Each structure stands twice: as structure tokens, then as C-alpha cells.
Amino acid sequence: MIIDFHTHTFPDKIARAAVEKLQAASHTAAFSDGTVSGLNRSMARAGVDLSVVLPVATNPLKVSSVNDSSIRLNGQDGMIHFGCMHPECETWHEELGRIARSGLKGIKLHPVYQGVDIDDPRFVRILARAGELGLTVVMHAGDDIGFPGVVRCSPAMTLRAIRQAGPVRLVLAHMGGWRNWNEVCELLSGTSVYLDTAFSLGRIMPIDNTYTEKEQQLLSDEAFCRMVRLFGSHRILFGTDSPWTDQQDSVQAIRALPLSDEEKQNILGENARKLLEL
């Protein structure tokens, strides 16, 4: 079973505008149209059995309605929808309880889009409550390609946050911290966090001349495998950040790595299956 633990979709009526806006901000190409049907087509090409769809609440007033949509769509079209939370949501405690009761498996947090550092008390309380409820938290970590130089979830911040929050199933996107990979290895390998592979292996696919050849390079195969061995393949989750990388290319990239069959199986789906209790 192949499970993509990190994907995004948008409602059909806004998908085109949303993808175009994000392409312009990131100067990178999208590989699907951002719709549910587009992700379904991508999954079929790539042989992906399940995709985890991660919504982001950029406004605290939208948390409840976004979660309503996730609850309604969860389990349809081969997709597992997570809920969302915003650090300034006044009903955060009650809403997390509702998410858990509804059967959603977790939530997505994005400190850069939400304008708050991960070790801020408003986020720490969300992590602690998610841990109490058994919810998995997927967190954008490290730099964000659309906000150059803005880091609100560095490895050091993450370490402070999880020490305060206590036990929580935390997945740090982009191999623990996009473009912060040396610090990820130094500070987080001894913790219980999971890493997802989204937008971390290989190269950026630019749409213009914004990035130099060096800047287009993400983790090399060698560097990626070192991180797998350091953290253990049981803590690495396959993710693509679809539509921002191609699912088929991403699956093939993992399969081509000099890892054992067991390590590849863990990454491509077994770890996610266990985490999602499927």
C-alpha cells in the first residue's frame, strides 16, 4: 500500500485561482490542478492507494467551516481528510474535541501562514490537547518557499514546543524543516517526531529564473538516506505536497534510493498505515 501523507486540494470554484496565486508566490510549477478530481487522476497514475489531504486555516474564523468540509469529505475518493486549527481560534479546545469525535485522524498547522511561532503558548496548548485526544499533528516546518527567510518552526523552536507540550504524535513536514536539514539532524533525531518527505528530495521545478542552479537543489539521495538512517525508516512518511510535486515521480524517486526493500515499504506506506490505524 502506498500512502501519500501530505497533499492539498481546493474547492473546484477556487482551485485555479489558488494554484495560480501559489505558483506566482513560489515561482514553481504545479503538477495537478489542485482539485479532488485532479488528485484522483494523479493517484491513479502513480499507484497511490490513499492520500491524506491537509487543509490550512489562514483565518481563525474559518476553522469551523473548514473542519465541517473535512468531516463531510473524509473517506471519499481514496482520501483521508485532516482537520485544521489556528492558534488564535477562540474555541480551540472545543473544536479539537469535535475533530476527534468526528473521526478525523489529525490536524494540520502552518506557523508561517498563521503568523505565530510554534513554541508560542498558543501553539503549545494545541499540541498538548492534540496529544491528549490522540490526534496526529502535521506541521509545516522550516522555511517556506513562498515566504523566503521566514522561519516560524525551526528545529530549535520545535524542540522547545514538544518539551512543553508533552507526548504528541507530531509529523514535521519537509523532512523536519525545509532547508534546515542540518539542524534537524542535530536537534531532533533523539525525539519521537516523524518526518515527511514532501518537497524535500531532488530538485525544485521553477517556472522562471528566480532560483539559481544551486538553489534548485533539495536533498541529494545521499543526504536523504543519511537522514533515513539517523531517524530510522520507521519514522519517515512518504509525502509529496501535491500539487507541488508529481506523485508518480516522487514514488519512483523513493523506489530508486539505495535503501532496503523494508525501508522503502516503511516509507511508502507501512508507517502511515500504522499511524492512521488502518
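Can you spot the lysines whose alpha carbon is less than 19 Å from K13's alpha carbon? Ignore those fewer than 8 places along the same chain.
Of all the lysines, those that pass the test against K13 - Cα under 19 Å, at least 8 places apart if same chain - are K21, K62.
Let's test the formula: R0 of 22 Å, r as the Cβ-Cβ distance of N182 and T58. What FRET efficiency results, to the nearest 0.05?
Here the calculated transfer efficiency is 0.15.
Rank these by accessible area, largest first, 1.4 Å probe: R226, R125, R16.
Result of the area sort, largest leading: R16, R226, R125.
Provide the solvent-accessible area of D33, counting protein heavy atoms only and rolling a 1.4 Å probe, rounded to the nearest 10 Å².
70
Test of the criteria: in region 191-278, which GluC sites (Glu not before Pro) are in a DSSP loop and have at most 11 other Cβ atoms within 10 angstrom of their Cβ?
For GluC sites (Glu not before Pro) across region 191-278 that sit outside H, G, I, E and B with at most 11 neighbouring Cβ atoms in 10 Å, the list reads E277.
Rounded, prolate or oblate: which one fits region 20-136, using the alpha carbon gyration tensor with axes a ≥ b ≥ c (rounded when a/c is under 1.5, else prolate when a/b beats b/c, else oblate)?
Oblate.
If the cut-off is a Cα-Cα distance under 19 Å, which lysines reach K105, setting aside same-chain residues fewer than 8 apart in sequence?
K274
Counting only protein chains, not ligands or nucleic acids, how are D208, D261 ordered by accessible area (probe 1.4 Å), most first?
Heavy-atom accessible area, descending, gives D261, D208.
Please build a GNM for the chain, connecting alpha carbons under 10 Å apart, and tell me which residue among Q23, Q216, Q265 fluctuates the most.
Residue with maximal mean-square fluctuation among Q23, Q216, Q265: Q216.
Pairwise over distinct Cα atoms, reciprocal of the mean inverse distance: report the Kirkwood radius of region 187-278 in Å, one decimal place.
14.0 Å is the Kirkwood radius here.
If amide hydrogens are placed 1.01 Å from N in the peptide plane, which non-local residues have theirs closer than 5 Å to the one on F5?
V52, F238, G239, T240
How big is region 13-68 in terms of Cα radius of gyration and Dmax, in angstroms?
13.2, 37
What is the Rg over Rh value, at two decimals, for the chain, using alpha-carbon atoms and the Kirkwood definition of Rh?
Here the Rg-to-Rh quotient is 0.93.
Convert each backbone phi in region 247-261 into a coupling constant with the Karplus relation 6.51 cos²θ - 1.76 cosθ + 1.60 (shift: θ = phi - 60°), then list the ³J(HN,Hα) values in order as whole Hz, x for Gly and Pro.
4, 5, 4, 5, 4, 5, 5, 5, 5, 7, 6, x, 10, 6, 4
Calculate how large, on average over all directions, the projected area of the Cα convex hull of region 143-206 is; give the answer in nm² to one decimal.
Average projection, Cα convex hull of region 143-206: 4.6 nm².
If you build a Gaussian network model of the chain, linking Cα atoms that sit under 10 Å apart, which residue out of M157, M175, M85 swings the most?
M157
From the phi of every residue in region 234-243, what ³J(HN,Hα) in whole Hz does the Karplus formula 6.51 cos²θ - 1.76 cosθ + 1.60 yield, where θ is phi - 60° and glycine or proline is x?
6, 10, 10, 10, 5, x, 10, 6, 3, x
Whose amide H sits under 5 Å from the amide H of G176, counting only residues 5 or more places off or on another chain, with H placed in the peptide plane?
HN-HN under 5 Å from G176: D196.
Would you rank Y211, Y113 by solvent-accessible area, highest first, keeping every protein chain in place and using a 1.4 Å probe?
Y113, Y211
Taking the chain as a Gaussian network, where each spring joins two C-alpha atoms under 10 Å apart, which residue of N209, N182, N74 fluctuates the most?
Looking only at N209, N182, N74, the biggest GNM fluctuation is shown by N209.
In deg cm²/dmol, rounded to 500, what helix-only [θ] at 222 nm does the chain give when every DSSP H run of at least 4 residues adds -39500 (n - 2.57) and the total is split over its residues?
Rounded to the nearest 500, it is -12000 deg cm²/dmol.
Could you derive backbone 3J(HN,Hα) for region 197-214 from the dihedral phi with the Karplus parameters 6.51, -1.76 and 1.60 (θ = phi - 60°), listing whole Hz in sequence and x where the residue is Gly or Pro?
8, 4, 6, 10, 10, x, 9, 5, 10, x, 9, 8, 9, 4, 9, 6, 4, 5
The values are calculated or read from the model by the stated rules, or taken from the named source; none is laboratory data. This is a predicted model, so every value here is computed, not measured. Here Cβ is always computed from backbone atoms with ideal geometry, including for glycine, and neighbour counts include all displayed protein chains. Note: accessible area is taken over every heavy atom of the protein model, side chains too, but ligands, DNA and RNA are not part of it. Shrake-Rupley method; radii C 1.70, N 1.55, O 1.52, S 1.80 Å.
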